[in-house]
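The values are calculated or read from the model by the stated rules, or taken from the named source; none is laboratory data. No experiment lies behind these values; they were computed from the predicted model shown. Quick reminder, even Gly has a Cβ in these numbers, built from the backbone with ideal geometry, and neighbours come from all protein chains shown. Surface areas here come from the heavy atoms of the whole protein model, side chains and all, with no ligands, DNA or RNA. Shrake-Rupley method; radii C 1.70, N 1.55, O 1.52, S 1.80 Å.
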Amino acid sequence: RHLYKTIENSTSWDNRIVLRDERVIDELFFWNNKIKHYNNRIINEYCIPKTIVYSDASDTGLAALFLKNNDSHISFKSFSDFERGQSSTWRELRAIEFLLSSFKNTLRNKSVLWKTDNFACSLIASKGSSKPKLQKLALNIFSISNAYNITFNAQWVPRKSLEVADRLS
């Protein structure tokens, strides 16, 4: 995202761009190191997810209700002092990252619909963020999904749809 902003701010294609912003340099190193790995992802036709995860984060912890076929699994964790001090969007993304990492073997090769009541979180988990802390979590979500061939789809839902996960968090 920072590289795009740098290019957009250039006055013409022929201008030399001096890269001083460390975030732009970090993005270039990321793509240099990862492009071969991520460039081989198979594009599948859309299929209706058979696995649904409902997650929520509060001021004190995170929780998820995981539905697969007719089985349900519940997971929750308390936040550390550091995690409690982060924004609500950060905590919601952290919940997805933590729970995706916890369920990665069960979710391997699956199409997953991940429901969250934080609209920004649903977008960032799918597309990334210009905020470094949030982008780091989004990249971790992407990396876990890619490594375990998980087709990850985040969806915003109203809070009332997450009552069980909300109570647990």
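Miscellaneous remarks
Matching residues to (1) at pLDDT below 75; (2) part of a helix (DSSP H, G or I); (3) of a type outside the set (Lys, Arg):
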| site | (1), (2), (3) |
| --- | --- |
| His37 | yes, yes, yes |
| Asn40 | yes, no, yes |
| Asn44 | yes, no, yes |
| Asp59 | no, no, yes |
| Ala63 | no, no, yes |
| Phe66 | no, no, yes |
| Ala95 | no, yes, yes |
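- Note on segment 68-91: residues that are in a helix (DSSP H, G or I), surrounded by fewer than 18 Cβ atoms within 10 Å (Cβ to Cβ) and polar (S, T, N, Q) total 1.
- So Val53, is it surrounded by 10 or more Cβ atoms within 10 Å (Cβ to Cβ), aliphatic (A, V, I, L, M), over 30 Å from Pro158 (Cα atoms) and modelled with pLDDT of 75 or more: no
- Index of the failed condition, Ser126 passing every other in (1) small (Gly, Ala, Ser); (2) modelled with pLDDT of 90 or more; (3) open to solvent by 30 Å² or more (accessible area, probe 1.4 Å): (2)
- Residue list for segment 92-113, restricted to those being within 15 Å of Ala154 (Cα to Cα), more than 10 Å from the chain's Cα centre (by Cα) and open to solvent by less than 40 Å² (accessible area, probe 1.4 Å): Leu99, Leu107, Ser111, Val112, Leu113
- Being closer than 27 Å to Lys34 by Cβ and among the aliphatic types (A, V, I, L, M) is true of Ala95.
So that you can scan it fast, the table gives a plain yes or no per residue for (1) out of contact with any Phe, Trp or Tyr (no Cβ under 8 Å at 6 or more places or on another chain); (2) under 26 Å from Lys34 (Cα atoms); (3) of a type outside the set (Phe, Trp, Tyr):
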residue	(1), (2), (3)
Ser88	yes, no, yes
Arg91	no, no, yes
Leu113	yes, yes, yes
Lys127	yes, yes, yes
Ser130	yes, yes, yes
Leu137	no, yes, yes
Ile141	no, yes, yes
Tyr148	yes, yes, no
Pro158	yes, no, yes
